[in-house]
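The values are calculated or read from the model by the stated rules, or taken from the named source; none is laboratory data. Only a predicted model underlies this, so the values are computations on that prediction, with no experimental measurement involved. Here Cβ is always computed from backbone atoms with ideal geometry, including for glycine, and neighbour counts include all displayed protein chains. Ligands, DNA and RNA are excluded from the accessible area calculation, which covers all protein heavy atoms including side chains. Shrake-Rupley method; radii C 1.70, N 1.55, O 1.52, S 1.80 Å.
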Amino acid sequence: MENRRNFIKATTALSAGLFMPSIQANAQSAKPAAQLKTRTLGTGKNKIEVSSIGLGCMGMSYHRSFIPDKKYMVSLIHKGLDMGVTFFDTAEAYGPYRNEELVGEALGAKRKDIVLCTKFGFNIQAGKLAGTNSDPKHVREVVEQSLKRLKTDYIDLLYQHRVDPNVPVEDVAGTVKDLIKEGKVKHFGMSEANSESIRKAHAVQPLTALQSEYSLMTRQPENDVIKTCQELGIGFVPYSPLSRGFLSGYITENTKYNPANDNRPSLPRYQANAINANWVMIDTLKTFGDQRGLSAAQVALAWLLAQKPWIVPIPGTTKLAHLQENLWAMDYQFTPDELGQLTADLNKITIVGDRYSGQSAERVNK
């Protein structure tokens, strides 16, 4: 417990140090956007170049207990642009709708400078998700609505949010293929799909990226879908690469959530007993990072980046200091011995608690 308190004090101090210089730098409005390292998702005519770390925007308006003032989140997205981020992720389901509206307001004027991603795949009734829906007619309706909210006339990367058991993935891929021909969509992706679904869809319309949960707490994609992506030339976009904040070290057994706008209270991995049992992961990352001037979150992100050159994580944040911290993770290069030893240490850790439960668990890996 003493180690935990010391860790939180140290990372809080780091954040305070990062915040002020970032604000001062961004006050110079005439300064051009920074250039970040880039990576390529997909192959051939289906490839896109993006910043090596993107920005997941969901938590700015959905599923993270509080909803920050919109103007500050617009400002945060603008600062991400100034720092060189070109890869931004949202979905109609986030809010619902609010997050697409936020992203559209923030990025409309910079549309040609970025890669904008959104998702379809749910029924939304009375402001709630009400099951999957990838019926081709519904997909077209969702795309039209998303285009309006995002203040654009095309979507760079359109994901099927969850595989719909009632609609063949070939039909979904065919619908997106038509939307690509019409110029409303540039590239196709899937989220939380298994290898079989990926192959079926890819045969109709080649995928540019698969987006699924992947972090040091959730390594199941290594068993199959990452291998499938490598075989087919599909990029991989890890969402929740910091495990919904846990790998930052800021979540403890005393963390309070608002269940009306946060899915973590229902997830087994975020119960107090699981948090305590899994804290060995934070200790391991901190031990490695302390010798190299890195935070636990930076080690976790750098490790993901080191797995494949076509992996592009999209950590989310509502804090400028954390955004800068996350982006600096791409600057760290492991030596082979370092990466091998850290991975061996991480492999010894048994994660306590499933990542999803109930209907959410039933919708993944389909």
Over segment 79-101, the set of residues open to solvent by less than 30 Å² (accessible area, probe 1.4 Å) and either of a type in the set (Lys, Arg) or assigned to a loop (DSSP other than H, G, I, E, B) (or both) is GLY84, VAL85, THR90, ALA91, GLU92, ALA93, TYR94, GLY95, PRO96
Which pairs do you get when a residue that is of a type in the set (Val, Ile, Thr), found in segment 275-288, comes within reach of a residue that is in a helix (DSSP H, G or I) and at pLDDT below 95, reach meaning Cβ atoms under 7 angstrom, with the pair 6+ apart or on two chains? ILE282/PHE7
Quick check on this structure: which one of THR175, THR152, THR208 is assigned to a strand (DSSP E or B), among the hydroxyl-bearing types (Ser, Thr, Tyr) and at pLDDT 95 or above? THR208
Pick out the one residue from LEU242, LEU232, LEU247, LEU216 that is surrounded by fewer than 18 Cβ atoms within 10 Å (Cβ to Cβ), of a type outside the set (Val, Ile, Thr) and more than 25 Å from GLY131 (Cβ to Cβ). LEU232
Yes or no: segment 254-262 includes at least one residue that is in a helix (DSSP H, G or I) and closer than 23 Å to ILE226 by Cβ. no
What residue, of GLY131, GLY104, is surrounded by fewer than 22 Cβ atoms within 10 Å (Cβ to Cβ), of a type in the set (Gly, Ala, Ser) and either touching a Leu at 6+ places or on another chain (Cβ under 7 Å) or assigned to a loop (DSSP other than H, G, I, E, B) (or both)? GLY104
Any residue at all in segment 229-248 that is within 18 Å of ARG355 (Cα to Cα), of a type in the set (D, E, K, R) and in a helix (DSSP H, G or I)? no
Count, please, the residues in segment 292-331 that happen to be in a loop (DSSP other than H, G, I, E, B) and over 27 Å from GLY233 (Cβ atoms). 7
